[in-house]
């Protein structure tokens, strides 16, 4: 065990709720101890289920373990919490590239470059993919020059890179090398399909992608803008992501039948158990309705249940649905109610938007 | 009528502003063990419904992996019902909307010691 890992482990033992699991998981991953890294990342996600960096770490561990689909899903989660996360887009581009989905890989890499135009490894990766697609590299905007780049080539030489087989068994493409200020050098290359059963050799830009994907912190978004709304329509699991931030809380919107409409509830092992939790707790609101009918107290507005580990608050959702928020038991009740109010407003605008 | 171990606690709770009544209820069947209610409050109905709601909340929270329910508060347009459980007994309070629920909650948490005796 290296000194750094020992130090980080001690620090995490002293402060289990801290974010030290991020550098510790990364250090373990870099040492090739992916099983330990996975345990550390999952334990951290239990406490910080909405932390984009934690999902990013899990994605990179998944890549190391050859679990590409899981990596893609984790990076997809990262984008729910940090829509401008360039590292996640780059990683997703890599996964798609490995899966032979070059068109989609190009789109993600282009978006990554849009988010972080100064990242040389993204430029190299995008150049590679565009060459593989036979597209002109000149479509790419030139990367902004940085003082640190002065006096050395902007990109390392591109290696011969195997590709997943496409329609034919062998693909010929025209190569190109983006050399700093827009100069493009072309050459012919033969890309052979990857050997079946074996793992693909890791291109240099991938290693750099995975190692250097330190994301910028996600800025809280005060309201849903049209682009976000469009994204949410595609994946409603992220409806409350910006309200939740990095706190130990979660929110779910259920329809009248108790099915999850939006939101997520991630268990300690990384599974989304929203449907199970929603189904169990939706019965409480039925009970409340029954009680209100008999007691003549009007419509029910809120139910708060304090348990050993959490505070759960329920409120009637739009169209006879149910809104459920859960927060760590240490969170003051007033804050939980405030969170419920904000989530209720978001749920209303979401349901009106999809109606 | 002779005093029960719960009489003082219930009287103290019902003296709070906006509280319409309080009672000790059996969680299993919703039957009143002792109560201190203002005139007009349907004690039997409140007891049965509060016990049922609390039981449902406790079972649901447990099934959802959220631990044992300690305190349940139902807020409605014209009032609220609070319930706190210890063992097989519940302490239930029914109050108007204007009642200070924070104060009621603190009083109920204090009063649970009586339920444990």
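Just so you know, all these numbers are worked out from the coordinates, no wet-lab data involved. All figures in this text were calculated on a predicted structure; none of them were measured in a lab. Here the Cβ is made from the backbone with ideal geometry for all residues, glycine too, and neighbour counts use every protein chain on show.
Report the residues of segment A:298-320 in range of a label on residue A:46: point 7 Å along Cα→C-beta, backbone N strictly under 19 Å from it. Within reach of a label on residue A:46, which here means backbone N under 19 Å from a point 7 Å along Cα→Cβ, segment A:298-320 contributes A:307-311. Working from label points 7 Å from Cα in the Cα-to-Cβ sense, the residue A:286 to residue A:345 distance is 3.3 nm.
Could you calculate the FRET efficiency of residue A:293 with residue A:19 from 1/(1 + (r/R0)^6), where r is the beta carbon distance between them and R0 is 45 Å, rounded to 0.05? Between residue A:293 and residue A:19 the formula returns 0.40. Taking other C-beta atoms within 10 Å as the exposure proxy, A:250, A:34, B:68 rank B:68, A:34, A:250 from fewest upward. Say R0 is 35 Å: what FRET efficiency, to the nearest 0.05, do residue A:30 and residue A:69 get from their beta-carbon distance? E between residue A:30 and residue A:69, to the nearest 0.05, is 0.95.
Computed FRET efficiency, Cβ-Cβ of residue B:116 and residue A:309, R0 22 Å: what is it to the nearest 0.05? That pair, residue B:116 with residue A:309, gives E of 0.55. GNM remark for chain B: springs join alpha carbons under 10 Å apart, and the peak mean-square fluctuation among B:102, B:40, B:30 falls on B:40. In terms of surrounding Cβ atoms within a 10 Å radius of their Cβ, B:106, B:72 rank from fewest to most as B:106, B:72. The modelled label-to-label distance for the pair residue A:331/residue B:16, using points 7 Å beyond Cα in the direction of Cβ, is 2.4 nm. Computed extension length for residue A:257-residue A:273: 4.1 nm, one decimal, from 0.36 nm per residue of separation with the Cα-Cα distance subtracted. Computed on segment A:23-84, the Cα convex hull volume stands at 68 Å³ per residue.
In terms of surrounding Cβ atoms within a 10 Å radius of their Cβ, A:276, A:352 rank from fewest to most as A:352, A:276. Cα-based radius of gyration for chain B, normalised by 2.2 N^0.38 Å, reads 0.98.
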